[in-house]
Amino acid sequence: MTRARETDWILFGCIVALMAFGFVVCYSAGSVVGGLRGAGEWHYIGRQAIFAVLGVPIMLFLHRLDFRQWNRPAVALLLMGGVTIAVVAAMLLDRGAHRWIRMGGFQVQPSEFAKPALIIFCAYFLARRMKAINDRHTVLPASIAVGILGAAVSFGDLGTSVVLVITAVLLFFVAGLKWRYMGIAVALACLGLVAAIAFKPYRVFRVVGFFDPQLKIIRTIHPEWADDYEAQNRKKGRDAGYQVTQSVVAIGAGGLTGLGLMEGKQKLLYVPEVHTDFIYAVVGEELGLLGSIFTLILFLAIGWRGIRIFLRADDLFGRYLALGVTVMLVFQALMNISVVLGIAPTKGIPLPMISYGGSSLLSSMICFGLLLSVSERAH
């Protein structure tokens with residue numbers, strides 16, 4: 001007998017509220033940035049709306065589609081392989097940031113679509129190999145697949161790479177991976193992180209600017225490097241911690257209730273790229289502590305509903321699909337907020353559903369569509 005499906009209206013309401021709230025804040029930040037750059041106040045929000053028009057039907061389609069359709073080897077492997085190829089293509093074609101594939105007047109960031117692809121792959125792999133989760137024939141191929149994707153993404157987008165790897169590690173840990181394998185995975189991930197940071201000097205400057213802003217430790221170890229760091233800062237006219245310092249000033253200026261929507265001052269190019277990775281600073285300045293807490297509550301509520309779906313689901317693939325989406329989006333949000341608040345080193349990673357960026361918005365809506373599908377069918 002077929003069981004009636006029931007939409008998780010709390011989860012759906014949080015998603016809609018997050019998207020609507022994101023449009024308001026994105027317009028507030030983007031209108032000023034667009035105006036100052038000569039693109040017009042509607043430039044960024046107009047482009048965001050185009051991707052939303054594409055994303056909403058995709059999310060609703062995935063919501064209506066049985067999530068078990070994705071539990072096939074051809075689907076999981078093709079998605080994982082396809083997105084890895086796209087990431088490598090972006091790395092080769094985009095000689096600047098190594099992130100985007102440009103088509104006409106738009107640009108696509110393949111690393112964003114690595115998120116749903118990785119989640120589907122891990123859910124399929126865990127559902128298929130659950131009884132042999134600690135077998136080397138399970139651990140090795142999974143580690144190679146995740147490692148290749150993570151390494152490719154890290155070349156141009158280290159923040160997204162960290163989110164991908166941590167999500168995969170947590171999924172395998174929850175599935176029952178032994179501690180010794182977890183230790184090896186974490187050690188290899190840390191080595192990869194150090195290598196990715198060392199590969200690009202600006203990442204090194206960010207880390208040093210966070211952990212040793214006065215260069216006291218670095219100067220005792222390598223005085224020549226400290227002199228070079230200070231010379232680079234003088235050349236740019238600001239140090240590596242400038243963006244975070246300005247974002248903290250913005251949040252502090254907001255107080256309890258904020259300066260009012262559209263009334264923020266730090267978005268007048270004091271905080272670079274305030275409409276993308278640092279949009280939470282606009283929330284704090286214009287809507288104050290109350291607006292900041294409201295944003296955090298929305299993500300925590302999504303995390304609560306996602307964990308609830310994971311615990312209630314009786315389908316292994318659905319369980320890990322729900323957990324992967326929840327961990328991926330909530331961890332990314334907390335990571336972004338931590339950077340803006342100055343409690344983590346600067347990384348270029350958007351706030352899901354709120355930051356300007358079509359690829360990020362589409363990726364998040366795909367993930368939410370998968371989560372809603374599991375919530376209706378896996379009980």
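None of the figures in this text is laboratory data; all of them are computed from the coordinates on show. Just so we're clear, the structure is a prediction, and the values are computed from it rather than from any experiment. Positions of Cβ are backbone-derived with ideal geometry, glycine not excepted, and every protein chain shown enters the neighbour counts.
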Within the chain, pairs of Lys residues whose Cα atoms are less than 28 angstrom apart, provided they are eight or more positions apart or on distinct chains, add up to 21
Residue separation between Leu77 and Arg312 times 0.36 nm, minus their alpha-carbon distance, gives in nm 81.9 nm
Plugging the Cβ-Cβ distance of Thr257 and Arg219 into 1/(1 + (r/R0)^6) at R0 = 45 Å yields, to the nearest 0.05, a FRET efficiency of 0.55
Rounded to one decimal in nm, the spacing of the 7 Å Cα→Cβ label points at Ile58 and Trp9 is 2.9 nm
Here the gain from full extension of Glu273 to Trp179, 0.36 nm per residue of separation minus their alpha-carbon distance, amounts to 29.8 nm
In a Gaussian network model of the chain with springs linking alpha carbons closer than 10 Å, the residue among Ile337, Ile184, Ile302 that fluctuates most is Ile184
With a Förster distance of 25 angstrom and the Cβ-Cβ distance between Thr245 and Leu300, calculated FRET efficiency to the nearest 0.05 equals 0.35
Once phi for every residue in segment 103-113 is put through the Karplus expression 6.51 cos²θ - 1.76 cosθ + 1.60 (θ = phi - 60°), the whole-Hz ³J(HN,Hα) values, with Gly and Pro written as x, are 9, x, x, 10, 9, 10, 10, x, 4, 5, 7
Listed residues Tyr181, Tyr44, Tyr320; largest mean-square fluctuation, Gaussian network over the chain with Cα springs below 10 Å, found at Tyr181
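Which of Cys190, Cys26 comes first, and how do the rest follow, when ranked by fewest Cβ neighbours within 10 Å?
Cys190, Cys26
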In order over segment 257-264: 3J(HN,Hα) from phi, Karplus 6.51/-1.76/1.60, θ = phi - 60°, whole Hz, x for each Gly or Pro, gives 10, x, 7, x, 4, 6, 9, x
When the chain is treated as a Gaussian network with springs between alpha carbons less than 10 Å apart, the largest mean-square fluctuation among Ile120, Ile144, Ile349 is found at Ile144
Under the 7 Å Cα-to-Cβ spin-label approximation, Lys131 and Arg68 lie apart by a distance in nanometres of 1.9 nm
If exposed means GluC sites (Glu not before Pro) lying in a DSSP loop and surrounded by at most 12 other beta carbons within 10 Å, then the longest stretch of the chain lacking such sites spans residues 7-262
